[in-house]
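Here is the structure we will look at.
The values are calculated or read from the model by the stated rules, or taken from the named source; none is laboratory data. Everything numeric here is computed off the predicted structure, so don't read it as measured data. Note: ideal-geometry Cβ built from the backbone for every residue, glycine included; neighbour counts use all protein chains shown. These accessible areas exclude ligands, DNA and RNA; they are computed on the full protein's heavy atoms, side chains included. Shrake-Rupley method; radii C 1.70, N 1.55, O 1.52, S 1.80 Å.
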Amino acid sequence: MADYSASKAALRAWLDAVRRETRRTGVRVLEIRPGHLDTGFAHRPVAGTVPPLPQGGDPRHVAAAVADALETEAELVTTSPDGTPVVERRAR
């Protein structure tokens, strides 16, 4: 988990830097952090047994939120604790 968590943190920092550096060029950066989704993948471990996971969100709802985020020039798509997608346009 350490490598996985570190790579996600590094990607978030990189996206923030790219967003700032490219703002004046018209390039938009959308960060998508959907949380656990119910795709069935979690039930097929590569090795061992699946750890206990909460109920995953609906990937179709997240896809719709991403489309909305792109249309509204949002910067972030996350999910609430109940799995509902949240679209944010963060002020910087």
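Using a 1.4 angstrom probe on the protein heavy atoms only, line up R44, R89 by accessible area, largest first.
Details: R44 145, R89 165 Å².
Final ranking, largest accessible area leading: R89, R44.
Any idea which of P59, G83, V46 is furthest toward the positive side of the dipole for segment 22-92, if Lys and Arg beta-carbons carry +1 and Asp and Glu beta-carbons -1?
V46
Roughly speaking, to the nearest percent, how much of the chain's 1.4 Å accessible area is carbon and sulfur? If you can, show how the numbers build up before the last one.
On the way: 4000 of 6870 Å².
Accessible surface attributable to carbon and sulfur in the chain totals 58 percent.
Is there a quick way to get the dipole size of the chain? I mean about its Cα centre, with the Cβ of Lys and Arg at +1 and of Asp and Glu at -1; what is the value in debye to the nearest 20? Provide the component values of the computation, followed by the final result.
Numbers: 13 positive and 12 negative charges, 78 e Å.
The calculation lands at about 380 debye.
Which is farthest toward the positive dipole end of the chain among V18, P34, S7, measuring Cα position about the Cα centre, with Cβ charges +1 (Lys, Arg) and -1 (Asp, Glu)?
Going by the Cα projections, it comes out as V18.
In deg cm²/dmol, rounded to 500, what helix-only [θ] at 222 nm does the chain give when every DSSP H run of at least 4 residues adds -39500 (n - 2.57) and the total is split over its residues?
Working: 2 runs with 34 residues, N = 92.
Estimated from H runs of four or more residues: -12500 deg cm²/dmol.
Can you tell me the length gained on complete extension of the stretch S5 to A64, counting 0.36 nm per residue apart and subtracting the Cα distance? It would help to have the intermediate numbers written out before the result.
Numbers: separation 59, 0.36 × 59 = 21.24 nm, distance 2.61 nm.
Additional length available on full extension: 18.6 nm.
Solvent-accessible area per residue for the chain at a 1.4 Å probe radius, Å²?
Values: 6870 Å² over 92 residues.
That works out to 75 Å² per residue.
With charges set only on the Cβ (+1 for Lys and Arg, -1 for Asp and Glu), what does the dipole of segment 2-47 come to about its Cα centre, in debye to the nearest 20?
Details: 9 positive and 5 negative charges, 56 e Å.
So the magnitude is around 260 debye.
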